[in-house]
Amino acid sequence: MTEPHGQPDTQYVQAAAEFGEALARLARVYEADPDLRRDLLQDIHLELWRSLARFAGQCSLRTWVYRVAHNVAISRSLRKRRTNLVSLEEIADLPSAEAEDLAATDVGNVARLYVLIRQLLPPDDQVMLLYLEDMDAASIGEITGLSARAVATRIHRLKAILARSFA
Amino acid sequence: MTDIKSAWQRQHIEEHTMLTVQDLRLRANRMRARLSHRNWVLYLYSAFNIVAGLWLIANDSFPNMKAPMLLMIVAHLFVLWQVWRRFGLGKLPPETSGQHVLQFHRQELERQHHAVANAALWYIAPFMPALIWELVIWYGRLELATAGGAATQKVFVLVVLAAILFWTCVWLLFSRHAARLMLELERLSHVKAE
């Protein structure tokens, strides 16, 4: 197996600096346990570094980074027995904040978002996460493999849930 | 809506990890070393069985058992090849898009389930002809040699029972594994694909 050298190393450093925080947020979605989360994050970085040897500008670096990260995370989560997952269609509202004093704060809202994403089936969880990361519909489609129409339907549904929950 | 997005992106993250390229190389090498170690263990185990079998044949240790022992060696080689062919995991390029990942996992699970569900045919059955042949030869010799001793007969019965128990356990383990894989497949079928 050949490992990336030179250019990919530079690209990795650039990608990790630019998208490191987003990758950490993604790892937090897929792993609640801090130790497992650290492992997942390291695996994502490792795969990202390896994959950059094959990156030749087929898409934007951002899309590439998210695609690799999502695939590593989803591969790991598929090996686990996550039960009671639902689709966006089955979600009425966001779960309420556990602590009442956090209900209207950013911390409380973000906590509710985590609870919701962790309840969702793939690829709905991916769509929601990417939407929150401010990815456009075309890029979400590229990363998840969903059609533009399927992404649009999900985003529409997601916006309705968020509007109801944060009105 | 922008507020909730910016709240999401502004959240405090304590584990913002950026590995150095040196760390990454080290981890990649360790991973390769682990896989290589596992493969070497399998190769050495098979090599030991084959060499031991050949040595026993060459030294004429069991003159009446040469043919079944040779057949057992062939069975080991066949099973090793089958394990490599059927249980070897495919690797998906990590940049593949989402639905292809699900499809890939489903195909892998189906392949593994098929292999495990049919393990009696390709893992257990190849050893049976040689094993039965060896036992028949041994039994034949028992009849000649047991005029005065019931003890050797008892040993023979114990060996047969142990062999039956061992292969039943192997079969049960494969069956359990197949049931688990089926559960995984059912769970995966709930994951929506479009």
Only unsatisfied item for A:Thr144, checking (1) within 13 Å of the chain's Cα centre (by Cα); (2) within 20 Å of B:Asp3 (Cβ to Cβ); (3) within 7 Å of chain B (Cβ to nearest Cβ), is (2)
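One line per residue, one yes/no per condition, for (1) within 10 Å of chain B (Cβ to nearest Cβ); (2) surrounded by fewer than 22 Cβ atoms within 10 Å (Cβ to Cβ); (3) at pLDDT 70 or above; (4) under 14 Å from the mean Cα position of the chain (by Cα):
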position: A:Ala69; (1), (2), (3), (4): yes, no, yes, yes
position: A:Thr83; (1), (2), (3), (4): yes, yes, no, no
position: A:Leu94; (1), (2), (3), (4): yes, yes, no, no
position: A:Ala97; (1), (2), (3), (4): no, yes, no, no
position: A:Thr105; (1), (2), (3), (4): yes, yes, yes, no
position: A:Leu121; (1), (2), (3), (4): yes, yes, yes, yes
Applying the selection to the range B:99-139, what residues are at pLDDT 85 or above, among the aromatic types (Phe, Trp, Tyr) and under 13 Å from the mean Cα position of the chain (by Cα)?
B:Trp122
Of (1) at pLDDT below 75; (2) more than 26 Å from B:Ile137 (Cα to Cα), B:Ser46 fails just (2)
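The values are calculated or read from the model by the stated rules, or taken from the named source; none is laboratory data. This structure is a prediction, so every number in the text was calculated from the model and none was measured. Virtual Cβ from ideal backbone geometry, glycine too; neighbours counted across all protein chains shown.
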